[in-house]
Each structure stands twice: as C-alpha cells, then as structure tokens.
1. Cα centroid distance between segment 207-232 and segment 92-112, in Å?
2. Sorted from largest down, give the three principal axis spans of the alpha carbons of segment 131-184, whole angstrom values.
3. Classify segment 1-140 as rounded, prolate or oblate from the Cα gyration tensor: take a ≥ b ≥ c as the square roots of its eigenvalues, call it rounded if a/c is under 1.5, otherwise prolate when a/b beats b/c and oblate if not.
4. What does the charge add up to near I2, with Lys and Arg as +1, Asp and Glu as -1, over the other residues with Cβ less than 15 Å from its Cβ?
5. Taking the dipole about the Cα centre of the chain, with the C-beta of Lys and Arg at +1 and of Asp and Glu at -1, give me whichever of G47, A117, L238 is farthest to the positive side.
6. How high is the relative contact order of segment 231-316, in percent, counting Cα pairs under 8 Å that sit 6 or more residues apart?
7. Once the other residues with Cβ under 14 Å from the Cβ of A199 are scored (Lys, Arg +1; Asp, Glu -1), what is the net sum?
8. Want the number for V252 to M59: 0.36 nm per residue separation, take away the alpha-carbon distance, what's left?
Amino acid sequence: AIAAYTYADVLVPLYTTDAKVIESAVPYLRARLLAVPAVGMNFAFRGFWNAIQQPHVYMNTLIAMHTINFSLSLVLTFFGIPALGIPPLGALGAGLGTSFSVWCGTAMYFYQGFKRATTLGFLQTRPTLTDLRVLATQALPTSVTNLLYASGMMTLYSIVGRLGTTEVAAVNVLINLMLFLILPCMGMGLAAGALSGRALGRGDIEDAKQWPWDVAKITAVLMSFVGVLLAMFPRIVLGVFLTDPYAVEMAVTPLRMTGLTVCGDAVSLTMQNALLGVGDAKRVACVSILSQWVLFLPSAYIAVVWFNCNLTVVWSLYVAYRFVQGIVYASIWRRGEWSKIRLA
C-alpha cells in the first residue's frame, strides 16, 4: 500500500492514457489506499463473526459503513464542508469518504469484539507459533488469490481501454453491477462454508458435504429472479449509471449475459467458500489464479489486440471463465478430498 501510494502517478497511466481520468484517478487511489490496513482487519472480523454464527454483526456493521460512505462521499465530492474550510473535492472526496467509512467499520468491529467476544479469547492472549503456522497455511493462498484477482481486474480495465474510453465506462458499470449481484451469493457461500466447517469439526462428513449443495440450490433460485429482471430491463438499469446512450447500448448485451448466468455464479461462489470453510485454500487459489490468468486474461487480450473484438466478446469470455471456474469448484467438492485436510 505504501509503494502504491508513493507511485500512484506511475501506476495509473499503465491502465489508461486519458489525461482527465489520470488526473482524477491518482488522488482517488491514494485516498483509498489509506484504508488498506482497515480492509484487512475487516476481512478478518468478517470471517470471525461468520465462524461463530453471528453474521448479523457483520451485516449491521456493513450497513453502517455503506451509510457513512454514501453520505460523506456525496458531501465531500460535490458540496464540501464550508464550516471547516473544506471545498468540494471531486474524486478525492469520494476516496476519502470511502476510506473513512472503512475505518469506522473497523472501530465498530473492535467495539463489538470487546463486547461479545472476550470470552472466546478476543485479544486475551498472544498467538502461538502453531497458531501462526495454521494461519499462514490458510491465509497465504487466499491473500495471493485476492491480490491476483484484483490485479486481474485492473488488467481487464487496461485491455478494455484499448477499445476506448466509452468501453471503459461501460465495463466499469458492468463490473460493479456484477459485484453487487454476487454479494448475496458471497453471503450464502460464507454461511455454507461455516456450516460445512462446523459439521466437519464434529466429524459429520456427510452433513458437511451436503450443506453447500443445499445452499447453492436456494441461492441459484433466488438470484435467478434478479437475473431475469436484469435481462429483461437492461437499459433501465444502465441508464441509472450511464448518461451516454452509446455506452448504454454497448453494455446492454453484456448485462443480459450477466443476468442470465448469475445463478451459475451463485453455485460457483457457494462451492468456493465451502472449500475455504473446510480449509482447502490451496486448491481454491490454484483454480482461481489459473482460470483468470491462464484462461481468461490471455483470451481477452488476444480477442482485443489481435482480432479487434468488441466489448460483448470480451464480456462473453469473462462469463465463460466464471462458468468454467464454477464447474471446477463443484467437481472438487464432489470428489471430497477436502475431508482429509487437517489444519493442526
């Protein structure tokens, strides 16, 4: 984070050549990087609350964070705070508002930790070397996976940037809508992972094996309703975020594809989080990294640079890669090798 903050003015031009975009993106990136330590702590707290069957703590904190983020970012971006001598800050204000909300979430998690979790050992003792070894075994593959996934999405922006600025705007909306759609899937996946982990902990392998399938069915059905609405009314949804009619039309078919395949993402994310819940982080990392960096990104680059394909083709490749990823996760889960993993 320190290196990225220092060299933000070097990193951003690697992904776009638009001078106006660079001018806004550099201060925004630096503002967002101020919250990197808080993001790491928040992810740790999320896993903890889900593991002890108190996901409502995570949900309530997340709602508070989003409320602060929306309100403060809106004020700092467009209005400023004249009483404090703060003028409208534009993109910088949006970044600062988001970072502040993330740190607020961290403070809330610590408060809840002292209130609810001291009897479970929260900050009551120092971790042993064995604890740190187990943590590293699970955290390192997941950390590398998340880092490479985020880097891959940045690379996708760079690839799409070769098509034009309008395409970048369209794909940005598509990615954010996709991330919005998978949030419920991630929540259900985390629940499946926690339930499978608990079942495995008490030695009930059959119960652990069945939980993700049951959760995946429910999630797929629920998300299908949302996906169908997106597929039926893509222009209405896109019009909320895009003012350029050309950009809207460009994103219509990709959004329809996202809507029609979101049930597949539901299954994929459920199986992915179930594997993480039972400690199979290495296989998850392997599948995620290879499918993104060996399958999808080279294909997207070749499609754009060699064959001059449009955004619809790139997004089709994205949807296909996610579909393949889901099939592999489901296959790994069905084989059941995860039941032999021992964390300590």
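The values are calculated or read from the model by the stated rules, or taken from the named source; none is laboratory data. Not measured: the values here are computed from a predicted model. Note that each Cβ is placed from the backbone with ideal geometry, even for glycine, and that neighbours are counted across all protein chains shown. Accessible surface is based on the protein model in full, side chains and every heavy atom, while ligands, DNA and RNA are left aside. Shrake-Rupley method; radii C 1.70, N 1.55, O 1.52, S 1.80 Å.
1. Taking the Cα centre of segment 92-112 as reference, the centre of segment 207-232 is 31 Å away.
2. Taking the Cα atoms of segment 131-184, the three principal extents are 49, 27, 8 Å.
3. Note, shape of segment 1-140 comes out oblate.
4. +1
5. Working it through, the farthest residue towards the positive pole turns out to be A117.
6. Normalised by residue count, the contact order of segment 231-316 is 32 percent.
7. Charge balance in the 14 Å sphere: -1.
8. The V252-M59 span can extend by a further 66.3 nm.
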